[in-house]
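Before any comments, here is the structure.
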Amino acid sequence: MDRNREIARLLAEQPRRGMTRRDLLRRVGLSAGAASLTAVLVACGIKKEDTADSGEKNTLTTDEEVGNLNFANWPLYIDRVQGRRPTLDDFTKETGITVNYKEVIDDNESFFGTIQEPLSGGQPIEWDMIVVTDWMIAKMVRLGYLEELDPSLIPNFTANAGQIYKDPSYDPGNKHSVPWQSGITGIAYNPELTGRDLTSFDDLFDPAFEGKVGMFKEMRDTFSLTLLSMGIEPLDATEDDVVAAQTKLIQQRDDGIVRNYYGNEYADALVRGDIWATIAWSGDVFQLQFDKPELQFIVPDTGGILWVDNMAIPEGAAAPIDAMKFMDFVYDPEIAAQITAWVNYICPVPAAQEILASAEDNYTRTVAESPLVFPTPEMEANLHSYKDLDEEEEQLWNDLFGEIIQG
């Protein structure tokens, strides 16, 4: 198949989607984990499939191809055109493996709650492959809940993944996971309201913006950016460092600079002009710029956070070979381009950019040209990772953060 022509055809026939996964959450005013998306998806005309497989799990040995892959993902996180999922269809045509694809992950913690009990008891779950965020990957690796990958079965990852996605701190050597899509936590602002360009995280502490700054309810994002602004690498942060970050954030709050601590709804406040500058996710700003082109997104000079959603295989999965074949398939640059043209998050396959840039569709070329989908080397060089928190650290960080946003 000429995939360039296929991508162009699919893009030409689909209505412009206009909503990302985070955008859907934002528009209905849900923070991550606040509620199930089932009713929302139905209201939007998107069916959220049943969460359970009607048949029993396949009990073939794990060194064989099963021929069916049970895949759990987030809503609106793979290409969908007129009721079809082209990437899944292409995979089945190429390999003969069918995919039981379910949009059952609304947030990391609630999904983990559905699989923790059987995994902790050494029992398999219904999913052969899941997509969870980097810090959850680290947690599941630490608990022994993920299978190790066979690099010989995913050569496309080795050949085509961006260097920044190889050997990550949350999963050294990519032993248990490979990225699905990613994004950046940085700063968004409206220069028409701020009256100047912003470059630093400390710009969010400027008294000139009193009552016009948005901060996140997401503990990991807010603490990580604050630590970076203090010259502290989040991965190395001590208890004293986090207490110092809390002190800085409490001062910002008490000075009246913060309008509110937001979940996904921060983007609406930015569009309305309620806030002039805010912590932000790159994927949201990319979408917002179509209606508000004046909005800007920056990686602060002291650094931003690269968050990565990863494919992984739960311990004891029935079809790990099928899962790794799918992982390899989506690291084909043409397939990666097909997915990225629809989801608009950061693509882990740099070669997909050239494919998208050659499309006749203007929107697709815009995706290819955006540094919010294909970050520049300068941006990548200034990106950092979340710290992998053990249970004691996570409780401490949450307690300290709760004192900020509830004060």
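No value in this document is a laboratory result; all are computed from the given coordinates. Bear in mind that the values here come from a model prediction, so they are computed numbers and not experimental data. Reconstructed Cβ throughout: ideal geometry from the backbone, glycine too, with neighbour counts over all protein chains shown.
Numbers for the structure displayed
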{"item": "Ellipsoid equivalent to the range 96-185 - semi-axes via the Cα gyration tensor, in Å", "result": "22, 16, 15"}
{"item": "Distance in nm between pseudo-label sites at ASP291 and VAL271 (7 Å out along the Cβ direction from Cα)", "result": "0.2"}
{"item": "Cα→Cβ-extended label distance, 7 Å offset, between SER358 and LYS166, nm", "result": "2.4"}
{"item": "Filter on LYS248/LYS387; LYS217/LYS387; LYS93/LYS139; LYS102/LYS325 - keep pairs with C-alpha separation over 25 Å", "result": "LYS93/LYS139"}
{"item": "Sequence-separation-based contact order of the range 75-141, relative, with Cα cut under 8 Å and 6+ spacing, percent", "result": "21"}
{"item": "Interchain or long-range residues, amide H under 5 Å from VAL104's placed H", "result": "ASN73"}
{"item": "Prolate/oblate/rounded call for the range 202-340, Cα gyration tensor, a/c under 1.5 rounded", "result": "oblate"}
{"item": "Distant-in-sequence amide H partners of ILE275 (H built 1.01 Å from N, under 5 Å)", "result": "LEU270"}
{"item": "Gain in span if fully extended, ARG253 to GLU369, counting 0.36 nm per residue against the direct Cα distance", "result": "38.0 nm"}
{"item": "5 angstrom amide H check on VAL178, placed H, neighbours 5+ away", "result": "MET311"}
{"item": "Cα shape, the range 262-397, gyration tensor, a/c 1.5 rule", "result": "oblate"}
{"item": "The range 253-395, relative contact order in percent, only Cα pairs under 8 angstrom and at least six apart counted", "result": "23"}
{"item": "In sequence order, calculated HN-Hα J values of the range 136-141 (Karplus, 6.51, -1.76, 1.60; Hz; x Gly/Pro)", "result": "6, 4, 4, 5, 5, 5"}
{"item": "Using a Förster distance of 30 Å, the FRET efficiency for ASP399-THR114 (Cβ separation, nearest 0.05)", "result": "0.70"}
{"item": "³J(HN,Hα), Karplus 6.51/-1.76/1.60, whole Hz, each residue of the range 286-303, x for Gly, Pro", "result": "4, 5, 5, 5, 5, 9, 10, x, 6, 5, 10, 10, 10, 8, x, 4, 8, x"}
{"item": "From phi via Karplus (6.51, -1.76, 1.60), per-residue ³J(HN,Hα) for the range 100-117 in Hz, x at Gly/Pro", "result": "8, 9, 10, 8, 10, 9, 8, 7, 4, 5, 5, 5, 4, x, 7, 10, 5, 4"}
